[in-house]
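Take a look at the structure set out below.
Nothing in this text is a laboratory measurement; each read-out follows from the coordinates by a stated rule. Small disclaimer: the values here were computed from a predicted structure and weren't measured. Neighbour counts are summed over all protein chains in view; Cβ atoms, including those assigned to glycine, are modelled from backbone coordinates with ideal geometry.
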Amino acid sequence: MKTTANIEQVRSQVNAWKMQGKKVAFVPTMGNLHKGHISLIEQAKQHADHVVASIFVNPMQFGANEDLDSYPRTLADDQTALDAAGTDLLFTPTPELMYPKGLEQQTFVEVPLISNQLCGASRPGHFRGVATIVCKLFNIVQPDVAVFGRKDYQQLLVINTMVHDLSLPIEIIGVETAREGSGLALSSRNGYLTAKQKTIAPMLKQSLDQLALAIQQGDEIAHAIAVAEQSLTEVGFKPDYIEVRQAQTLAYANATDSQLVILAAAYLGTTRLIDNLVFHR
Ligand code: PAF
């Protein structure tokens, strides 16, 4: 696997592959890779002849009081894992390369409506940062296919909407959330949890399962959410939001909607965990 921080090198390698009639898949990441990321690379390999990954801890998607500085940076381990998984090319740009004028003067991409709710309400500007960097990376790599995890459900919808609205010629593939045996969704931020918090963390997924079951059994959405919030609070979470929405649009679910998604964010200490569950009623 070749690693480069140079835009021209990425473009010329991808161009060379395309001239040979090869298909190129792209997996953007912020590094500190775990098995969930590796499953994205594996999916990418199934959809293309060559796989490009990127590692960039994107300052534009972090709020002022968030963990940009402490976000784990583990490049050597990440390179080993990406290489072993069959990645062909790794792009590792610097913030200066991606935002040479700084963030204040940077042109941005904003997907309206869905960007301002749920995680977007708790993290203002987050999805603008995500959409902008993903659009930039797409323009640099120019892949045929790009692969994202479904754990970041709202992010996936933001990216799908951006690709559709801006007519980007890229197929987006969403990959099922990778979980520990306990059910805890894999996340780079799990590394912040203490040993005690790690025993509590799987209850987030359990509460989503119970909430879906309650709704399927006829419980009212608002009541089922209140029960889930209370049980999470009792075990030590501080819920940020738990919501049940229409799975395709994230619009509020009404009594006749059958394709639903539960989206949840909750703090354990200072660590914010997210998870989601798509289900039918
Ligand atoms: O999901 C992530 O790791 C990031 O939000 C992404 C898509 C790489 C953009 O920085």
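Highest mobility in the GNM of the chain, judged by mean-square fluctuation with C-alpha springs under 10 Å and restricted to 271, 132, 177, is found for 271.
Rounded to the nearest 0.05, what FRET efficiency is calculated for residue 281 and residue 84 with R0 set to 35 Å and r the Cβ-Cβ distance? Walk me through the numbers on the way to the answer.
Numbers: r = 42 Å, r/R0 = 1.19.
After rounding, the FRET efficiency stands at 0.25.
Tally Lys and Arg at +1 and Asp and Glu at -1 over the other residues with C-beta under 10 Å from the C-beta of residue 180: what net charge comes out? Residues close to residue 180 contribute a combined charge of +4.
Excluding same-chain neighbours fewer than eight residues apart, no aspartates and glutamates are reachable from residue 101 by a Cα-Cα span under 14 Å.
Defining a contact as two alpha carbons under 8 Å apart and six or more residues distant in sequence, what relative contact order in percent does the chain show? This gives 17 percent for the chain. Net charge within 14 Å of residue 214 by Cβ-Cβ distance, Lys/Arg positive one each and Asp/Glu negative one each, not counting residue 214 itself? So the surrounding residues net to -3. Note on residue 259 and residue 160: the model spin-label points, each 7 Å out from Cα along the C-beta direction, lie 0.7 nm apart. Taking R0 as 22 Å, what's the FRET efficiency between residue 209 and residue 75 from their Cβ-Cβ distance, rounded to 0.05? Efficiency at R0 = 22 Å is approximately 0.05. Each helix, a run of at least 4 DSSP H residues, gives -39500 (n - 2.57); summed and divided by the residues of the chain, these come to -11500 deg cm²/dmol at 222 nm. Taken about its Cα centre, region 6-162 carries a charge dipole of about 400 debye when Lys and Arg each add +1 at the Cβ and Asp and Glu each add -1 at the Cβ. Note on the chain: GNM, Cα springs under 10 Å; of 152, 49, 69, the largest mean-square fluctuation is that of 69. Only Lys, Arg, Asp and Glu carry charge here, each on its Cβ (+1 for the first two, -1 for the last two); on that basis region 160-281 has a dipole of about 440 debye about its Cα centre.
Considering the options 147, 262, 184, tell which one lies farthest towards the positive end of the dipole of the chain, charges being +1 on Lys and Arg and -1 on Asp and Glu at the Cβ, about the Cα centre. Checked the options; the winner is 147. Under 16 Å of direct C-alpha separation, and excluding same-chain neighbours fewer than eight residues apart, residue 198 reaches these lysines: 238.
Quick one: order 50, 280 by neighbouring beta-carbon count within 10 Å, fewest to most. Mind dumping the intermediate values first?
On the way: 50 23, 280 9.
Listed from fewest to most nearby Cβ atoms, that is 280, 50.
About its Cα centre, the dipole of the chain is roughly 360 debye, where the only charges are +1 on Lys and Arg Cβ and -1 on Asp and Glu Cβ. Taking a straight Cα-Cα cut-off under 19 Å and skipping sequence neighbours fewer than 8 places away in the same chain, the aspartates and glutamates within cross-link reach of residue 18 are 8, 49, 88, 144, 171. For region 152-197, the set of trypsin sites (Lys or Arg not before Pro) satisfying both a DSSP loop assignment and a count of at most 15 other C-beta atoms within 10 Å is empty.
Computed over the chain, the P(r) curve from all C-alpha pair distances, binned at 5 Å from the origin, holds 1, 5, 12, 15, 18, 17, 13, 9, 5, 3, 1, 0 percent per bin.
Around residue 151, with a cut-off of 15 angstrom between Cβ atoms, what is the net charge of the other residues, counting Lys and Arg +1 and Asp and Glu -1? Intermediate results must be reported in sequence, preceding the final value.
Working: positive: 35, 150, 179, 189, 205, 272; negative: 152, 176, 180, 275.
Taking every other residue near residue 151 into account, the sum is +2.
Of 134, 175, the sequence from fewest to most neighbouring Cβ atoms within 10 angstrom is 175, 134. Of all DSSP-defined beta bridges confined to the chain, some 50% are antiparallel rather than parallel.
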